[in-house]
Amino acid sequence: MTLIDKIIMWLRKPLPFFETTKQKLIISIVFGVFITSFLILFDFSSEGEHSYMQILKAVLYGIITFLVLFFYSYILPILIPRFFNSERWNMGRSIAYGILLVVSIGLFNALFAFKFDNPNNRVVLFPFLIAVVQKTFVISIIPTLMFNLWLEKRLYKKYEQGSEIANNNLIHSELDKKHDLKIDIDEKNKISEQDLVYIKAEGNYCQVYYIEDLNQKKLVLRNTLKNIEDTLQNSKRIVRCHKSYIINLDKVKKVTGNARGYNFIVDDFNFQIPVSRTISKDLLNRITI
């Protein structure tokens, strides 16, 4: 394997992206407050005291940082969802996203500085902006690479260990998981709970995977996953595990883990289903209940 192949493999390693609006909002606020606090602490007046205008400018820099970060983490994924697909998010995309984010924050703060923090118009706009972008890129590239490397190793170790524990629970479980409950997928289709494997959302349609007479079957319905989830409230074993998947916990034969989180390997189809990090701990505990 060549060095280029190793680099490509490394860039394709899975990594998580923010899953909830709450997470995106919190990280945006944290960075905005950090920038504001940093500027207030280190931007002293000649007498060593903060002026009202200094504090106001620091707050505005923080607000700009918050708005840029929130746009990139919340608005941009809505505009280009394919790029921000959480199931495809990896090291390469994370590094590109991080560098673009830092450079954009620097650029917008530079525009603000040029307009409102540029006494006597001492600098020319475009050379000033180009210099800011170049400097920001050089400063951010190494920390961005190091942070993503640290994050991948830390999360991979965490989820790999968790999957090993979950698999041991699966191996040692002696619970009887046979059910004969009939569940209503919609008005026309009823499937035995013990035959249903998983359901996947595909736009305005859902693909229902199940076993019938020992054969693998797929049923395509024009319905939303939320509507189907509502019809399955009486089942304790068929649950929503991801924004795009509903799974029968009795069909999980193995749990795997990587830096992006846990995955369930299901019986019969040998298919890998992602598990949302926000509910993964609860689902792992319920596998053998």
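Laboratory data are not the source of any read-out in this text; all were calculated from the coordinates shown. Source: prediction; values computed, not measured. In this analysis, Cβ positions are derived from the backbone assuming ideal geometry, glycine residues included, and neighbour counts consider all displayed protein chains.
So the values come out like this:
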| read-out | value |
| --- | --- |
| Mean residue ellipticity (222 nm) of the chain, computed from DSSP H runs ≥ 4 via -39,500 (n - 2.57), nearest 500 | -16500 deg cm²/dmol |
| Segments 199-206, 98-105 sorted - mean Cβ within 10 Å per residue, highest first | 98-105, 199-206 |
| Segment Ser235-Tyr52, length gained on full extension (0.36 nm per residue, minus Cα span) | 59.8 nm |
| Gain upon complete extension [Leu129, Thr21; 0.36 nm per residue less C-alpha separation] | 35.7 nm |
| Using a Förster distance of 30 Å, the FRET efficiency for Ile7-Lys254 (Cβ separation, nearest 0.05) | 0.50 |
| The chain: relative contact order as a whole-number percent, Cα under 8 Å and 6+ apart | 15 |
| Relative packing of 148-160, 59-71, which averages over residues the other C-beta atoms within 10 Å, highest first | 59-71, 148-160 |
| Pairwise label distance in nanometres, Phe137 with Asn285, each label 7 Å out on the Cα-Cβ vector | 4.9 |
| Ordering of 124-131, 90-97, 243-250, 2-9 by packing [mean C-beta count within 10 Å, highest first] | 243-250, 90-97, 124-131, 2-9 |
